[in-house]
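Structure first, commentary second.
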Amino acid sequence: MSLLAVGTVAFDTIETPFGRAERILGGSATYITLAARFLTEPVRLDAVVGRDFPDEHIALLRERGVDTRGLVRDPNGETFFWAGRYHYDLNQRDTLATHLNVLATFEPNLPADFRDSRVVCLGNLDPTVQARVLDQTEAPDLVVMDTMNYWIEQTPEALRDVLGRVDVLIINDAEARELAGQPNLVRAARAIRAMGPETLVIKKGEHGALLFTDDVVFSAPAYPLEDIHDPTGAGDTFLGGFAGHLARTGTYDGEAMKEAVVLGSALASFVVEAFGPERLLDLTPEALASRVAAFHRLSAMPAGLLA
Ligand code: AMP
């Protein structure tokens, strides 16, 4: 089934203890679409770039099956730019720069044939822009959303409004605590689900992810990797894999959500192996399938204890 992703398409400058990359392709919508395209089609991208964005980056997305007709070029400005530095503990990152550039005046205007998308992914963006995208869609089956501390602090009311319109929220543990005003994640999950999203996924970096629905609490590990080069985009890749699986199956019950968490985790485990989205570009379906199988072996618990 069709999947639409709205978010940033960006230039990123990234420093990790293992190296540095300057002005490489990044952005939440880039990672979401590059992950989702392994699982479903069509995958549609709605975002804005500036006059400085190279055609080769757009071609790279298109060649991998992403429908880029919603990617608008604003000739009056420069592309969104983000710079970040990771600590030795890769769960810790400092944002060094966020230049909104063309994003500051972005008015989403979905192409007519994107409006019927069945699964809608709202990547990390101003919640008023996320709401405007929803206004332009035709009753999607599922809306999956990401946000971050910046919007929780700066635009709490707009965030609450859009939260009331989404089915799944995917955020990290610090964001969940801040949004709920509650340090305990189980209580925080209850409070956040009362704000609107029936399903909540809390990402915990290298410690995996927790899923909360009406009838399911599920914990998935992160894949233990020896070589992690750059965690940038892991969260967005998770979202793309999660939503891509649901778009493919067209089922949204607790079991499907569990499977989606595993697919999201498996795809995210690849993206951290190289700088930027590079590892997603040449990934094969076979390598993905074998990582999913490895996940299963990693976390299958012995059953029937004390029976
Ligand atoms: P993640 O590592 O999954 O949190 O996502 C990293 C990506 O998010 C980078 O490629 C950035 O370009 C993008 N990004 C960083 N800050 C923002 C922001 N304030 N709004 C939207 N996208 C952002």
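Worth a mention:
- Descending Cα extents along the principal axes, region 114-159, whole Å: 32, 15, 13
- A Förster radius of 25 Å combined with the Cβ-Cβ distance from residue 258 to residue 289 puts the calculated FRET efficiency at roughly 0.90.
- Between region 265-282 and region 112-157, the C-alpha centres lie 24 angstrom from each other.
- Placed amide H near residue 72: partners under 5 Å, 5+ positions off or other chain: 47, 48, 49
- Overall, the accessible surface of the chain at a probe of 1.4 angstrom is composed of carbon and sulfur to the extent of 49 percent.
- Residue order by solvent-accessible surface for 252, 88, 31 is 88, 252, 31, largest first, with ligands and nucleic acids left out and a 1.4 Å probe.
- Residue 89/residue 297 FRET efficiency (R0 22 Å; Cβ-Cβ; nearest 0.05): 0.25
- Size of charge dipole - the chain - debye, nearest 20, with Cβ of Lys, Arg +1 and Asp, Glu -1, no other charges: 380 debye
- In the assembled protein chains, residue 278 presents an accessible area of approximately 110 Å² (probe radius 1.4 Å).
- Gain upon complete extension [residue 216, residue 135; 0.36 nm per residue less C-alpha separation]: 26.1 nm
- What you get for region 153-307, charging only the Cβ of Lys and Arg (+1) and of Asp and Glu (-1), is a dipole of about 420 debye around the Cα centre.
- Peptides 103-110, 261-268 ordered by packing proxy, namely the average of other Cβ atoms within 10 Å per residue, highest first: 261-268, 103-110.
- Region 85-169: GluC sites (Glu not before Pro) in DSSP coil with no more than 15 other Cβ atoms inside 10 Å: 138
- Dipole of the chain computed with +1 at Lys/Arg Cβ and -1 at Asp/Glu Cβ about the Cα centre; of 130, 270, 70, farthest Cα towards the positive end is 270.
- Protection proxy ranking of 71-84, 123-136 - average other beta-carbon atoms within 10 Å, highest first: 123-136, 71-84
- Taking the centroid of alpha carbons for each part, region 7-25 and region 197-231 are 23 Å apart.
- Projecting the Cα atoms of 149, 191, 235 onto the dipole axis of the chain, where Lys and Arg carry +1 and Asp and Glu carry -1 at the beta carbon, places 191 farthest toward the positive end.
- Helical contribution to [θ] at 222 nm, DSSP H n ≥ 4, -39,500 (n - 2.57), averaged over the chain, rounded to 500: -10500 deg cm²/dmol
- Coupling constants for region 134-145 follow from the phi torsions by the Karplus curve (6.51 cos²θ - 1.76 cosθ + 1.60, θ = phi - 60°), and in residue order they are 4, 4, 8, 9, 9, 6, x, 6, 8, 10, 10, 10 Hz; glycine and proline get x.
- Hull volume in cubic angstrom per residue (convex hull over the Cα atoms of the chain): 132 Å³
- Based on protein heavy atoms only, region 149-307 ends up with 48 Å² per residue of surface accessible to a 1.4 Å probe.
- FRET efficiency for residue 161 and residue 56, using Cβ-Cβ distance with R0 set to 45 Å, rounded to 0.05: 0.75
The values are calculated or read from the model by the stated rules, or taken from the named source; none is laboratory data. Quantities reported herein were computed from a predicted structural model and do not represent experimental measurements. Here the Cβ is made from the backbone with ideal geometry for all residues, glycine too, and neighbour counts use every protein chain on show. In case anyone asks, the SASA skips ligands and DNA or RNA and just uses the protein heavy atoms, side chains included. Shrake-Rupley method; radii C 1.70, N 1.55, O 1.52, S 1.80 Å.
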